[in-house]
Amino acid sequence: MAEKQRIDKLVASSGKYTRSEVKKLIRAGLVLVDGIAVRSGDEKADPETVEIRVKGEVLTWRRFTWLMMNKPAGLLSATEDGRQKTVLDLLPQELQRQELFPVGRLDKDTEGLLLLTNDGATAHELLSPKKHVDKVYYTRTAGWLTEADCQRFREGIHLDDGLDCLPAELEIITAGEESEAYVTLREGKFHQVKRMLAYCGKPVLYLKRVSMGNLTLDPALEKGCYRFLTEDEVNLLCRK
């Protein structure tokens, strides 16, 4: 059971209606709890044990919202920016009202798995350096990747600008004038994949995150699209 909450807050938390719209719906008798019209927004109910209907539609209540997005290039991983579009601009208004934020960041030109949520505690767990949650990237680089590069990653790299990168994994898929590889990091420092590969003399041409922890990007999710995580997927996030 969940803690009882105000009806107006529950309806507004769905993201479909503003607080002022909720008040109008209640006055019009269009908000029902177990079939009975709500008379006041400050009435309370347990959203896990009652049925709430708004204009005849059952309200889908989630304690927190979790989305998986296949981020396209060209958007900032931020909640807002005065000059450029962000990943939140891809969401409908009802989701933009839910105070979602990206769990970690992908560079503007990096694609792939991006999680969005309003669950601050779990997001903090995923991003904590102490947790060492694996993040796997697919990359194409200019130049031949070699076993020596893999060894550098395994040992950890001290970059010329003074940044120490923890040991990571570099798995070569194909080597050539343009090489393909998977990179697994357990931290997320600024432009880290690009900086580590540039240190090896193999600049990144393309970068895409394919997994985070136990969660893998849904192959059916096209660029710029998103979907809600299932309950099982949310539970997977905090398992190592």
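The table below gives the values:
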| read-out | value |
| --- | --- |
| Chymotrypsin sites (Phe, Trp or Tyr not before Pro) restricted to region 190-240 and DSSP loop, no more than 11 other C-beta within 10 Å | Phe190 |
| Percentage, to the nearest whole number, of Cα pairs in region 5-58 over 19 Å apart | 9 percent |
| Spin-label pair Leu205/Glu57, simplified geometry with 7 Å Cα→Cβ offset, distance in nm | 4.6 nm |
| Length gained when the stretch His191-Asp89 is fully extended (0.36 nm per residue, less Cα-Cα span) | 34.4 nm |
| Partners for Lys44 among aspartates and glutamates (Cα-Cα distance below 14 Å; same-chain residues under 8 apart left out) | Glu3, Asp8, Asp34 |
| Efficiency of FRET between Thr122 and Glu222 - r from beta-carbon atoms, R0 41 angstrom, step 0.05 | 0.95 |
| Nitroxide proxy distance, nm - points 7 Å out along Cα→Cβ at Glu3 and Thr174 | 5.5 nm |
| Region 138-179 versus region 196-240: alpha-carbon centroid distance in Å | 19 Å |
| Cβ-defined net charge surrounding Val33, 9 Å radius [Lys, Arg +1; Asp, Glu -1] | -2 |
| Helix-only CD estimate at 222 nm, as mean residue ellipticity for the chain, using -39500 (n - 2.57) per DSSP H run (n ≥ 4) | -5500 deg cm²/dmol |
| FRET efficiency estimate (nearest 0.05) - Cβ-Cβ, Ala73 to Asp160, R0 25 angstrom | 0.40 |
| Potential extension, Asp109-Lys130 segment - 0.36 nm per residue separation minus Cα distance | 4.8 nm |
| In region 135-212, lysine pairs closer than 12 Å at Cα, eight or more apart or cross-chain | 4 |
| Nitroxide proxy distance, nm - points 7 Å out along Cα→Cβ at Ile36 and Asn214 | 4.1 nm |
| q = 0.08, 0.09 Å⁻¹, the chain: log10 I(q)/I(0) [Debye, one scatterer per Cα] | -0.40, -0.49 |
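Throughout, read-outs are computed from the coordinates displayed, never taken from laboratory work. Remember, it's a predicted structure, so these values are computed and weren't measured experimentally. We place every Cβ from the backbone using ideal geometry, glycine too, and count neighbours over all the protein chains shown.
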